[in-house]
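> Handing you a structure now.
The values are calculated or read from the model by the stated rules, or taken from the named source; none is laboratory data. None of these values were measured; they are calculated from a predicted model. Positions of Cβ are backbone-derived with ideal geometry, glycine not excepted, and every protein chain shown enters the neighbour counts.
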Amino acid sequence: MNVLVTGGAGYIGSHACKALSAAGYTPVTYDNLATGWQDAVKFGPFEKGDLTDRDRLDQIFAAYRPAAVMHFAALSQVGESMRDPGLYWHNNVAGSLCLLQAAVQAGCLDFVFSSTCATYGDHDNVVLDETTPQHPINAYGASKRAIEDMLRDFGAAYGLNSVTFRYFNVAGADPEAEVGEFHRPETHLIPLMLDAVRGKRDALTIFGTDYDTADGTCVRDYVHVMDLVEAHLLGLAWLEEGRGSRVFNLGTGAGFSVREVMDQGAAVTGCEVPFVEGPRRPGDCTRLVSGSSRAESELGWRPRRSNLAEMIADAWRWHQAGHYEK
Ligand code: UFG
């Protein structure tokens, strides 16, 4: 059974392709390689193309007749989205509209969507579950919320069934190091920290030490990419069983500050993390931690690798292997 995987050459998409292939599906990667890597497409066919190219999408749906779409392709940097919101509304929102229209026209009505906890915005001391009001404070989160709205409307009008996952902070890598996280430029905490440890950059800058948290740095809920893609397979099964549209948080409920991540990084690598303290990064929420067990109770999702030490160790193994860095 073919599954169209947009963004299959990216970090999470490539891990999803590996998991789909292991489960007996054929992942068809559709990616414009703007932020992905052709080297990461190892588990099924590759079709280069842009989300906004409707003719190309129509060709792909006709050629592969996918049973479902997993839609990972997106720009996902909070800071960039604050500087250049138009990029996010174009690539993420207009691109997703084009994809959804092509899917509906092709009769491909099962859709798994990568959303984000950034759609919630800042809710200090409030447990974030799927019913928490969504008030994004950056254009990235706003673009993902708009796509969630689109899915709701396409569901009502055309019978599109969607499973939406609101990711918390995805980390780690394939323990076999076949695929991993590699962004250029890199903006995420754990890979930047590991680069600093390896001497590939001078020092990690801590973005803000005056937040209202125990140690003054931002708190995030980190989830292992392997656990995350496992949830996507459960989401696909949910759709195949005709259980309709549903939104799920994907986080563990445990929050770690930037300093706690650095401490764990030092423990895993055996090297202190060189760092400097800097100002806050615009658009960053103070604390994003999932307060929901819906994915566990309804999908049967059990995160197995999402402890901080294991996520950093798997990322460290991948970093040392240095894939895609030719
Ligand atoms: N951070 C630093 N220094 C850095 C990089 C990050 O201190 O050099 C801090 C950030 O301020 C933040 C934390 O580390 O507090 C995590 O930052 P990331 O950039 O790794 O992740 P974000 O939380 O900004 O964003 C990620 C994904 C988004 C997703 C979001 C939800 O990139 O797609 O998680 O929290 F929406």
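> Return the residues of the stretch 179-190 that are of a type outside the set (A, V, I, L, M, F, W, C) and within 8 Å of the ligand (Cβ to nearest atom); say none if nothing qualifies. Even if it seems obvious, please write down each step before you answer.
We begin by selecting, within the stretch 179-190, every residue of a type outside the set (A, V, I, L, M, F, W, C); these are 180-181, 183-188.
Within the stretch 179-190, Thr187, His188 meet the criteria.
> Out of Tyr222, Tyr167, I need the residue that is closer than 30 Å to Ala103 by Cβ and within 11 Å of the ligand (Cβ to nearest atom). Which one? Step through it out loud before you land on a result.
Numbers: Tyr222 fails: closer than 30 Å to Ala103 by Cβ.
One residue alone meets the criteria, Tyr167.
> So which of Val247, Val197, Val289, Val258 is in contact (Cβ under 8 Å) with a residue 40 or more places away in the chain, β-branched (Val, Ile, Thr) and out of contact with any Cys (no Cβ under 9 Å at 6 or more places or on another chain)?
None of the others qualify; the one that does is Val247.
> Which is over 30 Å from Gly270 (Cβ atoms), among the acidic types (Asp, Glu) and free of Cβ contacts under 8 Å to residues at least 12 places away in the same chain, of Asp153, Asp129, Asp122?
Step by step, each of Asp153, Asp129, Asp122 is checked, and only Asp153 is over 30 Å from Gly270 (Cβ atoms), among the acidic types (Asp, Glu) and free of Cβ contacts under 8 Å to residues at least 12 places away in the same chain.
> In the stretch 208-222, what count of residues is obtained for those that are touching a strand residue (DSSP E or B) at 6+ places or on another chain (Cβ under 6 Å) and not basic (Lys, Arg)?
Initially, the stretch 208-222 is screened for residues touching a strand residue (DSSP E or B) at 6+ places or on another chain (Cβ under 6 Å), giving 209, 213, 215, 217, 219-222.
Within this subset, residues satisfying the condition of being not basic (Lys, Arg) are 209, 213, 215, 217, 219, 221-222.
Final tally of qualifying residues: 7.
> I need the full set of residues from the stretch 24-41 which are touching a Cys at 6+ places or on another chain (Cβ under 8 Å), of a type outside the set (A, V, I, L, M) and under 10 Å from Ala9 (Cβ atoms), in order please.
Thr29
> Also, quick follow-up: Does Gly253 fit the bill of being at positive phi, of a type outside the set (Phe, Trp, Tyr), in a loop (DSSP other than H, G, I, E, B) and crowded, with 16+ Cβ neighbours inside 10 Å? Before you say what the answer is, go through the steps one by one.
On the way: at positive phi: yes; of a type outside the set (Phe, Trp, Tyr): yes; in a loop (DSSP other than H, G, I, E, B): yes; crowded, with 16+ Cβ neighbours inside 10 Å: yes.
Yes.
> Sort through Ala203, Ala173, Ala214 and tell me the only one that's at negative phi, aliphatic (A, V, I, L, M) and within 12 Å of the ligand (Cβ to nearest atom).
Ala203
Residue-wise test of (1) farther than 21 Å from Ser76 by Cα; (2) acidic (Asp, Glu); (3) part of a helix (DSSP H, G or I); (4) not assigned by TED's automatic domain parsing to the domain that holds Asp202.
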| position | (1), (2), (3), (4) |
| --- | --- |
| Leu233 | yes, no, yes, yes |
| Ala237 | yes, no, yes, yes |
| Gly244 | yes, no, no, yes |
| Met262 | yes, no, yes, no |
| Glu277 | yes, yes, no, no |
| Ser292 | yes, no, no, no |
| Arg305 | yes, no, no, no |
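> For the stretch 183-197, does any single residue satisfy the condition of being crowded, with 17+ Cβ neighbours inside 10 Å, among the small types (Gly, Ala, Ser) and in a loop (DSSP other than H, G, I, E, B)?
no
> May I ask you to list the residues in the stretch 48-86 that are under 18 Å from the mean Cα position of the chain (by Cα), aliphatic (A, V, I, L, M) and at pLDDT 95 or above? First the steps, then the outcome.
Here is the first cut: in the stretch 48-86, the ones under 18 Å from the mean Cα position of the chain (by Cα) are 51, 69-81.
Remaining after also requiring aliphatic (A, V, I, L, M): 51, 69-70, 73-75, 78.
Leu51, Val69, Met70, Ala73, Ala74, Leu75, listed by residue number.
> Out of Glu181, Glu176, which single residue is in contact with a Pro (Cβ under 8 Å, 6 or more places away or on another chain) and charged (D, E, K, R)? Don't jump to the end; show me each part of the working.
Working: Glu176 fails: in contact with a Pro (Cβ under 8 Å, 6 or more places away or on another chain).
Every option except Glu181 fails the conditions.
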